[in-house]
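Please treat every number below as a calculation from the coordinates, not as lab data. These numbers come from a predicted model, not from an experiment. Here the Cβ positions follow ideal geometry from the backbone for every residue, glycine too, while neighbour counts run over all protein chains shown.
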Amino acid sequence: MPELPEVETVARQLAPFVVGREVRSLSILDPRLRAERTPRVAGRTIEQVYRSGKRVLLEFSAPPRGGRPLALAVHLRMTGRLLWETDGTKSAHDHLRARFRLDGGELLFADTRRFGTFHWYASAADALPDGMEPLSPKLTTLKLGQLIGDSRQNIKTWLLRQDRLVGLGNIYASEILHRAAISPFRPAGSLAKDELKRLHASTRHTLRRAIENCGTTFSDFQDAQGVEGSYQQFLAVYDRDGETCRRCGDSIRRVVQQQRSTYHCPGCQV
DNA sequence: ATTATATCCTGATCGC
DNA sequence: TGCGATCAGGATATAA
């Protein structure tokens, strides 16, 4: 499911249901999620839920008898989902991997492919990612150029690097480049100033528009509250191999870069 | 220091 | 209807 807009949607939708609730117990059903020692969360209150990069951060209060606060970063990877339930219907989920029993409901983590991860931190500040948030005002065009430097990596692959920018994935990397009219094959460091400007503007525009539309949903099944993204109707190139480019009329092509699909229009991406 | 490959999993879909 | 190959919105460890 999740790149930045989808994870943002999950966090926004989940927060009102769980913030302020106390954790009664946590059951981790998939041992893979216990790669890190699991701290005691029972008795703590969920204080904040928000997105950071592609992760959902949950901040917990200090335990009632004193101690330090706690933060959990949930990475959904390919198929992770966070579900809120009050009626017991979702507990039978085929791929339930963890369950937080809260005061007044349950927060469930389901994950078909089991790539999702839990990372625990002593504080939210410790959970800060390496890369920059692409929508941060601190990311200027100049800064973007500095991050790219003289990298000879192709720009599409560069956009996926979470140690530079966080949150971009395979769909939005292709979409952003198409909007910026930049070929995915271009060495990142070869972009001229005006191209960097277009790339920056396209990144902001694409992500904002996707967030407004609650992200992109391909599968028909719904998430926690039945919120489905609608950005798929705006996709210009992704998953449109052989179809017509709405900008120049050329035929959109699927290519493989670093073992991953890239969609682009050879006619108008130079 | 980059960059390619293999790997972690399960399920849906495609071509024969 | 069955079967194998391929693909999937992610990221890392290891090899070259």
**Fill in**
Reduced to Cα centres, the span from the stretch A:114-132 to the stretch A:1-61 in Å works out to 11
**Prompt:** Taking the Cα-to-Cβ direction at A:Arg113 and at A:Ser190 and moving 7 Å from each Cα, how far apart do the two end points lie in nm?
**Reply:** 3.1
**Request:** Give the cysteines in chain A for which no other Cys Cβ lies under 4.7 Å away, or write none if there are none.
**Result:** A:Cys214
**Prompt:** What lysines sit close enough to A:Lys193 to cross-link, taking a C-alpha to C-alpha distance under 30 Å and skipping anything fewer than 8 places away on the same chain?
**Reply:** A:Lys54, A:Lys138, A:Lys143, A:Lys156
**Asked** Tilt of helix A:193-212 relative to the longest C-alpha principal axis of chain A, in degrees (0 to 90, nearest 10)?
**Response** 40
**Prompt:** Using 1/(1 + (r/R0)^6) with R0 = 51 angstrom and r between the beta carbons of A:Ile28 and A:Gln259, what's the FRET efficiency to the nearest 0.05?
**Reply:** 0.95
**Request:** Relative to the longest principal axis of the C-alpha atoms of chain A, give the angle of the C-alpha long axis of helix A:4-18, reported between 0 and 90° and rounded to the nearest 10°.
**Result:** 20
**Net length gained if the chain between A:Arg40 and A:Gln233 were fully extended (0.36 nm per residue, minus Cα distance)** = 65.1 nm
**Asked** If you count, for each residue, the other Cβ atoms within 10 Å and average over each peptide, how do A:122-135, A:169-182 line up from highest to lowest?
**Response** A:169-182, A:122-135
**Rel. contact order, % - alpha carbon contacts under 8 angstrom, at least six apart, chain A** = 17
**Item:** Theoretical FRET efficiency, 1/(1+(r/R0)^6), r = Cβ-Cβ of A:Thr141 and A:Arg208, R0 22 Å, to 0.05
**Value:** 0.85
**Fill in**
In degrees, nearest 10, the alpha-carbon axis of helix A:170-180 is tilted away from the dominant principal axis of the alpha carbons of chain A by 40
**Item:** Charge dipole magnitude, Cβ of K and R +1, D and E -1 - chain A, Cα centre, debye nearest 20
**Value:** 660
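Rounded if a/c is under 1.5, else prolate if a/b beats b/c, else oblate: with a ≥ b ≥ c from the C-alpha gyration tensor eigenvalues square-rooted, which is the stretch A:59-186?
oblate
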**Complete:** For the stretch A:1-110, listing GluC sites (Glu not before Pro) in a DSSP loop whose Cβ sees at most 13 other Cβ atoms within 10 Å gives A:Glu36
**Request:** Using only alpha carbon pairs under 8 Å that are at least six residues apart, calculate the relative contact order of the stretch A:39-82 and give it in whole percent.
**Result:** 31
**Item:** GNM flexibility winner over chain A from A:Arg37, A:Arg208, A:Arg21 (Cα, springs under 10 Å)
**Value:** A:Arg37
